[in-house]
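Colleague: My questions all concern the structure below.
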Amino acid sequence: MELENNLTQNLPEGADSLATAEFIVTVLDSKKAKDIKLLHVEKQTVLADYFIVCSGNSRTQIKSLADEVEYRMTRSGIEPLHVEGGRGDSWILLDYGSVIVHVFGRDAREFYNLEKLYDGTVEEDISELLTED
């Protein structure tokens with residue numbers, strides 16, 4: 001599925017965790033999320049198969065990014081199991097079971113440094129899913 005189609009279509013029914021994560025990456029990219037990473041954490045934790053980590057430039061953008069993911073996933077029939085953070089927060093977490101989305105402000109991302117915490121994970125190549133800035 002091409003990026004342009006991903007932005008107008010819902011997540012296909014029965015999509016596996018990688019397809020779900022890739023769909024979320026395209027949604028985040030469409031809203032101009034910064035430094036998006038897709039980490040395959042299945043061997044490091046029982047929490048999820050994939051973590052998506054990205055940054056927003058402001059608290060307003062952080063909220064907008066999380067809201068768009070939640071909207072697009074809900075439109076696809078998938079509700080988050082849990083949401084942490086909200087308006088005015090510098091870190092919002094959306095838990096979709098096998099995929100957990102972390103939307104950070106820059107300072108919070110540096111402070112928590114999930115990429116380092118889960119060192120040794122496989123970072124999936126998402127370059128074909130991202131548009132150029």
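The values are calculated or read from the model by the stated rules, or taken from the named source; none is laboratory data. Fair warning: this is a prediction, and the values are worked out from it, not measured in the lab. No Cβ is skipped: glycine too gets one built from the backbone with ideal geometry, and neighbour counts run over all protein chains shown. Accessible surface is based on the protein model in full, side chains and every heavy atom, while ligands, DNA and RNA are left aside. Shrake-Rupley method; radii C 1.70, N 1.55, O 1.52, S 1.80 Å.
Colleague: Provide a single number: the residues in the stretch 117-133 that are of a type in the set (Ser, Thr, Tyr) and surrounded by fewer than 14 Cβ atoms within 10 Å (Cβ to Cβ).
Modeller: Of the residues in the stretch 117-133, 2 are of a type in the set (Ser, Thr, Tyr) and surrounded by fewer than 14 Cβ atoms within 10 Å (Cβ to Cβ).
Conditions (1) over 16 Å from Leu18 (Cβ atoms); (2) assigned to a loop (DSSP other than H, G, I, E, B); (3) open to solvent by less than 40 Å² (accessible area, probe 1.4 Å), marked per residue:
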| position | (1), (2), (3) |
| --- | --- |
| Pro80 | yes, yes, yes |
| Asp89 | yes, yes, no |
| Leu93 | yes, no, yes |
| Ile100 | no, no, yes |
| Val103 | yes, no, yes |
| Phe111 | yes, no, no |
| Glu115 | yes, no, no |
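Colleague: State all residues of the stretch 71-99 that are touching a His at 6+ places or on another chain (Cβ under 9 Å) and within 18 Å of Ser55 (Cβ to Cβ); if no residue qualifies, say none.
Modeller: Residues satisfying the conditions are Trp91, Ile92, Leu93, Leu94.
Colleague: While we're looking at this one, here's another question. Being open to solvent by 40 Å² or more (accessible area, probe 1.4 Å), outside any loop (DSSP other than H, G, I, E, B), of a type outside the set (Lys, Arg) and under 21 Å from Leu129 (Cβ atoms) narrows it down to one residue among Glu68, Glu13; which is it?
Modeller: Glu68
Colleague: Let me ask you something else. Among (1) within 18 Å of Phe23 (Cβ to Cβ); (2) of a type outside the set (Val, Ile, Thr); (3) crowded, with 18+ Cβ neighbours inside 10 Å, where does Ser76 come up short?
Modeller: The one condition Ser76 does not meet is (3).
Colleague: Going through the stretch 72-111 one residue at a time, which ones are among the hydroxyl-bearing types (Ser, Thr, Tyr) and farther than 19 Å from Ile36 by Cα? Lay out the reasoning, then the answer.
Modeller: Restricting attention to the stretch 72-111, the residues satisfying the condition of being among the hydroxyl-bearing types (Ser, Thr, Tyr) are 74, 76, 90, 96, 98.
Hits for the stretch 72-111 are Thr74, Ser76.
Colleague: Quick one: which of Lys37, Lys31 is under 16 Å from Leu129 (Cα atoms), free of Cβ contacts under 8 Å to residues at least 60 places away in the same chain and in contact with an Asp or Glu (Cβ under 7 Å, 6 or more places away or on another chain)?
Modeller: Lys31
Colleague: Based on what the data block shows, is Ala19 under 22 Å from Glu124 (Cα atoms), in a helix (DSSP H, G or I) and either at pLDDT 95 or above or not charged (D, E, K, R) (or both)?
Modeller: Yes, satisfied.
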